[in-house]
Amino acid sequence: VQDVTTWGEMKSIVRELKKPEVREVYKSIIIDTVDLAADSLENICSQLGIENIGDGGWTNNGWTKYKKEFETTFRTLTQLGYAVVFISHEKEKTIKLQSGKEYQQIGSSVQSSAMAIIENISDIIGYAHPEIGPDGPTGRRILSLRSNDNSIRCGCRFSQIAPEIEFS
């Protein structure tokens, strides 16, 4: 376990993870929580005087540079052969369709701009939760990878994997 409190520390760890002797020891990197990682990168924007990364800055568009920095950092890890796992807390939100119909969806608590980047670079986005049956909790824990009714924001690039996997 390595506590990381700044984006600079994250970049330093990535440099260490490039070393062959380190690559021999570790196979997976878990970012817990990705919310904090995204926030620490956004703090760099604030330090550079960019109040809203969508407004521009860093010569051109701040959002583009934020996205590139986030993607490059974590793609570097996958290109080095590490399995990268992002952990986030859950957040329920109301989705409103153009038709006016609304529904509730559970997804990641990470800010939507960072989540868009994560969804683009991830193979699997799962939601770990207790199974709820018709009579309440069943005692089983499930990893949902697909949601037929969009009540869970999850997805998987691999069609052969079941939509739900029981933890055992």
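The values are calculated or read from the model by the stated rules, or taken from the named source; none is laboratory data. Values in this document were obtained by computation on a predicted structure and should not be read as measured data. Every residue, glycine as well, gets a Cβ built from its backbone with ideal geometry; the counts of neighbours run over all protein chains shown.
Kindly establish whether Glu131 is of a type outside the set (S, T, N, Q), surrounded by fewer than 16 Cβ atoms within 10 Å (Cβ to Cβ), farther than 22 Å from Lys67 by Cβ and touching a strand residue (DSSP E or B) at 6+ places or on another chain (Cβ under 7 Å).
yes
Give the number of residues within the range 104-113 that are surrounded by 12 or more Cβ atoms within 10 Å (Cβ to Cβ) and either of a type in the set (Phe, Trp, Tyr) or part of a strand (DSSP E or B) (or both).
4
Can you tell me which of Val14, Val25 is modelled with pLDDT of 75 or more and surrounded by 13 or more Cβ atoms within 10 Å (Cβ to Cβ)?
Val14
Of all residues being part of a loop (DSSP other than H, G, I, E, B) and at pLDDT 90 or above in the range 114-148, which is nearest to Glu90 (Cα to Cα)? Just the residue, please.
Gly126
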